[in-house]
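The next block holds one structure in the form of structure tokens; read it before the comments.
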Amino acid sequence: MNSLKNLNIKPIENDELRKLLQHNIDQKTKPVGSLGYLEELAIQIGLIQETTKPKLKSPVMLTVASDHGITVEGVSPVPHEITWQQVNNFLNGGGGIGLFCKQFGFDLYVVDAGVDHDFQAHPRLIDKKVRKATRNFLKEPAMTQDECDQAIRNGRDVVALFAEKGSNVVGFGEMGIGNSSPATALLSVFTGLSVEECTGPGCGLDKQGVQNKASVLRQAIEKHGIFDKPEEKLATYGGLEIATMVGGMLEAAQRRMLIVVDGFITTSAFLTAYEICPMVRDYAVFSHCSKEHSHIKMLEYLNGRPLLNLELRLGEGTGSALAYPIIQGSVAMLNDMTSFGEAKVYNVADQKGKGQSE
């Protein structure tokens, strides 16, 4: 695919740098390992940035929006017009994502990947519309391969733009009524889990609605089958916002940016990116575990450890924004926490290493 041309994501592992980072952390005024996953997170960021003194620069939040043809099958309890109405809300600083980005220092942009609406130009709106909504994938593939390829390329272009402006942190979120259906279908076709295991209520389906949704998705997969290539699965069952995020995540990893992954829908994009290039996993932090019950299945498949578990299911990138202070804390610990030597505190671990008694 042209969208994957020149993609070259390198592993972050560097044994010498890892040892230096670990040594620096172990010299902080605390028992060894006592800050738990925060220490692992700091090492990951240091390895991504190839330095013992990492810095988080100009974090940007990309909330990617699109509509979905599958909604005509009753897989969502709310009208698709909410997609474009919420986009306008976000552009004006509203909604959960507008609030939390302002609170926690993210620069928020909304990417129109395929909303069924014509927006007026706005400085926070990035127009990358491939078409107005995907097709109904119960009847035909959601996207042509060319459309999917264009969406992936668009995502890469958007992230490249912010990387070139100096950002090294990118959070991803989404807005799209009905988009838990493509996310569910992708989870099933990538992992082999049954559709019934993967299907949840989305934004509020009752038990009967969930059963209908699972039936629709099962019929769609039986109709089209399961393809070998991740890009074919994405084109058939995905969404334009999902494909755009896939491209953005791959580009972010190529540029050694930290990727902050939000909830169920965003993780379906990351799952797809991972199937295209497993090395992207090195660059990701999973912000939270969503209340959408299949999100934990995605995280387990990806061996992803969420920073938060607040029973969120809003999407938009809200989990990514809320988790960011923890990421900042890990970097601050590595760079700024006093060492035993600086604080003139007796280092038990160091003395043990010299063979001395406590």
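Every read-out reported here was derived from the displayed coordinates using simple, explicitly stated rules and does not represent laboratory data. Because the structure is a prediction, the values reported are computed rather than measured. Please note: Cβ atoms are built from the backbone with ideal geometry, for glycine as well, and neighbour counts cover all protein chains shown.
Structural remarks
- With the convex hull of its Cα atoms as the shape, segment 1-66 has an orientation-averaged projected area of 7.3 nm².
- Partners of LYS53 within straight-line reach, counting lysines whose Cα lies under 16 Å from its Cα and excluding those fewer than 8 residues away in the same chain: LYS19, LYS28.
- Of the trypsin sites (Lys or Arg not before Pro) in segment 1-56, those whose Cβ has at most 14 other Cβ within 10 Å and which sit in DSSP loop: LYS5, LYS55
- When each of LEU4, LEU108 is scored by the number of other beta-carbon atoms lying within 10 Å, the sequence from fewest to most is LEU4, LEU108.
- Pairs of C-alpha atoms in the chain farther apart than 32 Å represent 31 percent of all such pairs.
- When Rg and Dmax are taken over the Cα atoms of segment 21-149, they come to 20.9, 61 Å.
- Rounded to the nearest 20 debye, dipole of the chain from Cβ charges on Lys, Arg, Asp, Glu: 580
- The chain: calculated mean residue ellipticity at 222 nm from DSSP helix runs of at least 4, using -39500 (n - 2.57): -15000 deg cm²/dmol
- Euclidean distance of C-alpha centroids, segment 44-120 and segment 164-217, integer Å: 16
- Where chymotrypsin sites (Phe, Trp or Tyr not before Pro) fall in DSSP loop in segment 274-346, at most 15 other Cβ within 10 Å: TYR346
- Residue order, fewest to most beta carbons within 10 Å, for ILE43, ILE327: ILE43, ILE327
- Seen from every direction in turn and averaged, the convex hull around the alpha carbons of segment 135-180 projects onto 4.2 nm².
- Only lysine pairs 8 or more places apart or on separate chains count here, and in segment 60-332 those with Cα atoms under 22 Å apart total 18.
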